[in-house]
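Okay, structure first, notes after.
Just so it is clear, none of the values below were taken in a lab; they were calculated from the coordinates. Just so you know, these numbers come straight off a predicted model, no measurement behind them. Neighbour counts run over all protein chains shown; Cβ positions are idealised from the backbone, glycine included.
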Amino acid sequence: MPLQFRPIEGVQTGLIGYLLADLAAKAAVVIDPPRGQTELILALSEERGVELKYVLRTHVHAVDGDACDELCSRTCACLLAGDEFEIAGMPAARMCRVGHGAALSFGAETIDVIGTPGHTPGSVSFLWQDRLFCGDVFDLDGCVPSGSETEPGRLFDTLVRRVFVLPEETLVFPAHPIDVRRVATLEELKAHLAPVMRHGRDAFITDMESRRTMDSASGESVP
Ligand SMILES: [Zn+2]
């Protein structure tokens with residue numbers, strides 16, 4: 001079955017989206033399309049003769065509010081996001097909400113929805129074959145506290161109950177690269193987080209809170 005997997009990088013943001021296409025069935029989805037890349041996504045879809053079925057969002061930050069409505073309005077695609085996902089102004093008719101355990105299909109392919117709250121309340125991840133698209137659940141160098149939306153305790157629970165139960169050979173694709181890296185195995189990420197995870201939930205929360213305090217004191221902006 002001819003399939004296509006195409007990362008799509010944001011021009012200025014450095015964020016990475018992913019186009020997944022079942023070429024035989026002429027169906028595709030795009031995960032976290034970077035702002036400003038609507039034309040590229042439409043051109044790729046047209047070139048491959050595929051219809052965009054869903055625009056999947058792992059999460060959106062309150063200050064961002066990017067609804068991908070241009071991409072949705074120029075295709076028949078439905079914006080699909082987690083239960084607690086909120087975007088002001090997005091017509092409800094063009095939004096589909098999914099919860100943990102949902103299965104989405106495009107062509108002959110299936111994507112499993114994994115509820116992964118913590119980075120933001122409504123964060124979800126998408127598992128396709130051996131690949132996990134997790135947004136900002138973690139970066140390739142660990143978990144990053146992101147302003148007041150991040151709940152470290154929920155994030156710890158997400159990692160333990162929802163993410164680290166997947167096969168260790170799962171390929172993890174975060175929403176943005178670290179240095180030049182764009183993918184890691186789950187085994188690698190588990191090993192990286194082990195020093196703080198092994199001390200338990202409270203220690204994880206303390207670590208995240210202290211780094212969040214340092215980030216806000218330094219004025220550093222975290223994606
Ligand atoms: Zn984020």
Q: Return an integer: the convex hull volume of the alpha-carbon atoms of segment 113-223, in Å³ per residue.
A: 93
Q: Could you please state, rounded to a whole Å, how far the C-alpha centre of segment 19-61 is from the C-alpha centre of segment 95-131?
A: 16
(Q) Highest mean first, how do 11-23, 131-143 rank when packing is the count of other Cβ atoms within 10 Å averaged over residues? (A) 131-143, 11-23
Q: Return the FRET efficiency for the residue pair Thr13, Ile205: r is the Cβ-Cβ distance, R0 is 45 Å, and the value is rounded to the nearest 0.05.
A: 0.95
Q) Based on DSSP, what percent of beta bridges with both residues in segment 3-218 are antiparallel, to the nearest 5? A) 65
Q. Around Cys96, which amide H atoms from residues at least 5 apart in sequence, or from another chain, sit under 5 Å from its own amide H, with H modelled in the peptide plane?
A. Leu79, Leu80, Ala81
(Q) Apply the a/c threshold of 1.5 to the C-alpha gyration tensor of the chain and tell me whether it is rounded, prolate or oblate. (A) prolate
Q. To the nearest 10 degrees, how steep is helix 201-218 against the longest Cα principal axis of the chain, on a 0 to 90 scale?
A. 80
